[in-house]
Every structure is written in structure tokens, then in C-alpha cells.
Amino acid sequence: MLCVERLVKCFEVGGETVRAVDDVSLQITAGETVALYGPSGSGKSTLIDLIAGFQIPDAGTILVNGTDISSFSEREHADYLGLTVGIIGQADELWPSASARDNACLKLLRDHPKDARRMIEPLLIDLGLGDRIKQPTYKLSKGERQRVMVAQALATDPGLLLADEPTGNLDTRRSREVLGQIRDLCHDRGTAVLLVTHDPQAVSFADRVYELRDGHLVGYEPDELYLRSSRVVENR
């Protein structure tokens with residue numbers, strides 16, 4: 001589904017060249033969840049932006065279903081964002097006065113203006129929002145708002161999901177609920193997932209885990225303190 005080959009992206013910062021993404025290669029198959037762990041400033045969000053086509057790489061290729069996204073016209077890029085890829089952003093991007101259903105169906109409006117609301121309802125129900133569909137989002141909990149973002153990203157049944165810190169503002173319990181739903185829904189739908197996070201607990205929901213360190217992709221080694229705390233939670 002996704003094939004990234006020797007990707008490079010540089011920025012000029014204070015007169016110095018910073019290689020935010022440095023010779024990164026990565027593949028994700030349909031239905032697979034790959035987590036990319038790293039602290040703030042490690043290049044994770046830059047990599048997401050490159051795969052989404054919001055930035056242009058200095059070198060390397062990004063193939064989605066065998067197509068190099070750098071060749072897209074403006075219209076093709078719009079179709080790519082509307083149909084092929086889903087992006088989970090932060091819940092504060094939702095319209096607070098609009099209902100959960102109206103926020104979630106935004107991507108469907110272009111091609112299905114009359115049926116968008118009806119089409120999104122089964123997904124909202126799968127995400128546990130069946131009794132909250134008509135509620136304005138300002139009345140929803142943080143976890144519920146984040147699930148609306150998940151529904152919005154998956155509305156068009158994309159082949160690739162980019163999740164950039166999808167649980168950054170949630171507590172531990174709500175984070176686990178949302179991550180579990182993302183993993184299970186995408187596995188059932190055959191959606192490839194790139195989960196970008198600085199939360200060690202999120203990586204347990206992935207099939208494979210890598211760490212982005214100073215722009216380089218390396219093997220992930222869990223922090224021992226996190227491992228000890230996880231054992232305590234599991235043994236309670």
C-alpha cells in the first residue's frame with residue numbers, strides 16, 4: 001500500500017541545514033498498523049506531511065498503491081486527500097456547534113451531498129457514538145470528539161490512514177479505547193495505518209514499531225521505566 005524509499009527533507013534553521021527526514025525507507029501493507037515513535041522535533045510530523053503531499057521531499061519517492069504522489073496534479077492531490085488517504089488530526093479542528101454526524105461526514109459531502117449523513121452513521125455507531133450522533137461536538141467528551149475525528153478520517157474508506165498523535169490530549173483509559181478502535185477498524189477494512197506518536201503506550205497497538213531519531217529510522221527499544229510501569233498496570 002505505502003512504500004517510502006530513501007526519503008530526505010531538509011530545512012534551514014539558524015544558518016544550519018537540518019535533515020528532518022534523513023534517508024527514511026518504510027513499507028506498510030494493507031490492514032497493517034505501523035507505529036513511528038519519537039519525541040517532539042524528531043521529524044515525525046514532517047514525515048506525515050510528506051506522505052500526505054503537503055510538503056515536497058528533497059530526495060526519495062513516496063509510492064501509494066504503486067503511484068508516485070509527487071507526480072500528482074492539484075486535482076489529483078485533492079482526490080488523494082479526499083479518497084485514498086485519511087488523516088486523523090486533533091479534535092479542536094472540529095466545528096464545535098455542528099453535530100458529531102455533520103463533522104464526521106465532511107469528506108463525503110463532495111461526492112454524496114444528499115446521502116453523506118446516512119452513510120456516516122454506521123461508522124459512528126461502530127465507534128460507540130450511536131447515541132451521540134446529533135449532539136453538538138462541544139457537548140462531547142474529549143474521547144468522543146477524538147472518535148469523531150477517526151470517523152471523519154475513515155469516512156471514504158481510504159486505503160491509508162495517517163494518525164499524527166491521535167491521542168495526544170487524552171488520558172490513559174481513553175487513549176487505549178481510541179487506539180484499539182483505530183486498530184480494529186482498520187484491520188477489518190484492510191486499511192494501512194501509520195501511527196505517529198510520542199506515547200510509549202500507543203506502540204503496543206501496532207504490528208511493527210520504529211523510532212525516528214534525528215531524522216533517521218531506527219529500531220524501537222522501549223524505555224525500561226515504561227516497561228516497569230506497564231507491568232504494574234497489568235498486574236493490578
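The values are calculated or read from the model by the stated rules, or taken from the named source; none is laboratory data. Computed from a predicted structure; not experimentally measured. Here Cβ is always computed from backbone atoms with ideal geometry, including for glycine, and neighbour counts include all displayed protein chains.
So here's what we get for this one:
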read-out	value
Meets criteria (free of Cβ contacts under 8 Å to residues at least 60 places away in the same chain, closer than 17 Å to VAL193 by Cβ and of a type outside the set (Asp, Glu)) for THR137	no
Condition met for LEU185 (outside any strand (DSSP E or B), modelled with pLDDT of 85 or more and touching an Asp or Glu at 6+ places or on another chain (Cβ under 7 Å))	yes
Hits in the range 110-120 (condition: over 12 Å from ASP157 (Cβ atoms) and not in a loop (DSSP other than H, G, I, E, B))	ALA116, ARG117, ARG118
Flag if GLU32 is closer than 23 Å to ASN65 by Cβ and surrounded by fewer than 21 Cβ atoms within 10 Å (Cβ to Cβ)	yes
Conditions (1) surrounded by fewer than 21 Cβ atoms within 10 Å (Cβ to Cβ); (2) modelled with pLDDT under 90; number of the one not met by ILE133	(2)
Candidate set from the range 93-109 (those that are in contact (Cβ under 8 Å) with a residue 24 or more places away in the chain and part of a helix (DSSP H, G or I)); member that is surrounded by the most Cβ atoms within 10 Å (Cβ to Cβ)	ALA104
Boolean, GLY130 is free of Cβ contacts under 8 Å to residues at least 12 places away in the same chain, part of a loop (DSSP other than H, G, I, E, B) and under 19 Å from the mean Cα position of the chain (by Cα)	no
Residue ID - surrounded by the most Cβ atoms within 10 Å (Cβ to Cβ), chosen from residues in the range 147-181 that are in a loop (DSSP other than H, G, I, E, B) and of a type in the set (S, T, N, Q)	THR167
Unmet requirement for GLY143, which otherwise passes all of (1) in contact (Cβ under 8 Å) with a residue 40 or more places away in the chain; (2) among the small types (Gly, Ala, Ser); (3) in a helix (DSSP H, G or I)	(1)
Test: residue in the range 65-75 that is surrounded by 15 or more Cβ atoms within 10 Å (Cβ to Cβ) and in contact (Cβ under 8 Å) with a residue 24 or more places away in the chain	no
Options ARG132, ARG145: the member that is closer than 22 Å to ARG174 by Cβ, touching a Ser or Thr at 6+ places or on another chain (Cβ under 6 Å) and of a type in the set (Lys, Arg)	ARG145
Residue check, LEU123 within 21 Å of ARG174 (Cβ to Cβ), assigned to a helix (DSSP H, G or I) and among the hydrophobic types (A, V, I, L, M, F, W, C)	yes
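A quick yes/no check of all residues on (1) in contact (Cβ under 8 Å) with a residue 12 or more places away in the chain; (2) touching a Ser or Thr at 6+ places or on another chain (Cβ under 9 Å); (3) under 20 Å from ASP157 (Cα atoms):
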{"residue": "MET1", "(1), (2), (3)": "yes, yes, yes"}
{"residue": "GLU5", "(1), (2), (3)": "yes, yes, no"}
{"residue": "ASP23", "(1), (2), (3)": "yes, no, no"}
{"residue": "GLY60", "(1), (2), (3)": "yes, yes, no"}
{"residue": "LEU83", "(1), (2), (3)": "yes, yes, yes"}
